[in-house]
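Notes for the one structure printed next.
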Amino acid sequence: MELMVVLAIIAIVALIALPDFRSTLDASRTTSAANNLLGAFKLARSEAVLRRASVTVCPSSDQSTCSGSWSDGGVVRTNAGVVIRTIPAAGGVTIAGAAISFNGDGTSAGGSVTVDTRTVTVNPIGHSKVE
């Protein structure tokens with residue numbers, strides 16, 4: 001009898017906590033995807049300066065060319081076609097925005113990519129941040 005009461009209490013507590021846990025998981029997915037993109041932008045700028053050549057971060061359906069949408073993942077690549085890093089698809093997260101390129105001196109035309117409620121922006125001097 002006591003075991004049944006304890007199990008009922010655990011079930012009730014779990015049902016109360018479940019909605020909060022889902023929102024925590026959603027926020028974690030969004031943060032993770034935004035930080036993945038931020039890391040990709042920082043790597044792209046670093047590689048552009050190191051190689052003295054343009055490097056682009058773009059959505060990619062085949063993980064080698066700039067094609068498809070961000071829901072398929074992305075790629076960091078030189079304009080000569082050398083893949084530096086692939087960005088895995090982020091499940092359960094909506095990502096929207098255009099490709100962003102960095103010049104050999106680290107500058108960029110700038111731009112932003114939206115990840116659900118967060119925005120990863122790149123300014124003209126190549127600095128990137130999550131807002």
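The values are calculated or read from the model by the stated rules, or taken from the named source; none is laboratory data. Please read these numbers as outputs of a predicted model, since none were measured by experiment. Positions of Cβ are backbone-derived with ideal geometry, glycine not excepted, and every protein chain shown enters the neighbour counts.
Of the residues that sit in segment 20-37 and are of a type in the set (A, V, I, L, M, F, W, C) and either surrounded by fewer than 16 Cβ atoms within 10 Å (Cβ to Cβ) or at pLDDT below 90 (or both), which one is farthest from Arg77 (Cα to Cα)?
At the first step, the residues of segment 20-37 found to be of a type in the set (A, V, I, L, M, F, W, C) are 21, 25, 27, 33-34, 37.
Applying the additional criterion that residues be either surrounded by fewer than 16 Cβ atoms within 10 Å (Cβ to Cβ) or at pLDDT below 90 (or both) yields 21, 25, 27.
Numbers: Phe21: 37, Leu25: 31, Ala27: 29 Å.
Here the answer is Phe21.
For segment 100-121, a residue qualifies if it is hydroxyl-bearing (Ser, Thr, Tyr) and at pLDDT 95 or above, and the qualifying residues are Ser101, Thr107, Ser108, Ser112, Thr114, Thr119, Thr121. Restricting segment 72-91 to residues that are in contact (Cβ under 8 Å) with a residue 40 or more places away in the chain and hydrophobic (A, V, I, L, M, F, W, C), the residue that is farthest from Lys42 (Cα to Cα) is Ala90. If you filter segment 87-98 down to residues that are surrounded by fewer than 16 Cβ atoms within 10 Å (Cβ to Cβ) and of a type in the set (A, V, I, L, M, F, W, C), you find that the one that is farthest from Ser67 (Cα to Cα) is Ala96.
Flag: Leu43 does not match the condition of being buried (at least 18 other Cβ atoms within 10 Å of the Cβ) and in contact (Cβ under 8 Å) with a residue 24 or more places away in the chain.
Residues in segment 120-129 that are touching a strand residue (DSSP E or B) at 6+ places or on another chain (Cβ under 7 Å) and surrounded by fewer than 16 Cβ atoms within 10 Å (Cβ to Cβ) were compared, and the one that is nearest to Ala40 (Cα to Cα) is Lys129. Evaluating Val113 against the criteria (1) among the aliphatic types (A, V, I, L, M); (2) within 21 Å of Glu131 (Cα to Cα); (3) assigned to a loop (DSSP other than H, G, I, E, B) leaves one unmet condition, (3).
Specify which of the listed residues (Ala17, Ala53, Ala40, Ala90) is modelled with pLDDT under 90 and closer than 24 Å to Val122 by Cα.
Testing whether each residue is modelled with pLDDT under 90 and closer than 24 Å to Val122 by Cα leaves just Ala90.
Conditions (1) assigned to a strand (DSSP E or B); (2) closer than 18 Å to Lys129 by Cα; (3) under 12 Å from the mean Cα position of the chain (by Cα); (4) of a type outside the set (Lys, Arg), marked per residue:
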residue	(1), (2), (3), (4)
Ile10	no, no, no, yes
Ser23	no, no, no, yes
Thr30	no, yes, yes, yes
Ser46	no, yes, no, yes
Ala53	no, no, no, yes
Ile84	yes, no, no, yes
Gly104	no, no, no, yes
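Go through segment 54-86 and give me each residue that's among the charged types (D, E, K, R) and crowded, with 21+ Cβ neighbours inside 10 Å. Spell out the reasoning first.
Residues of segment 54-86 that are among the charged types (D, E, K, R), as a first pass: 62, 72, 77, 85.
Passing the criteria: only Arg77.
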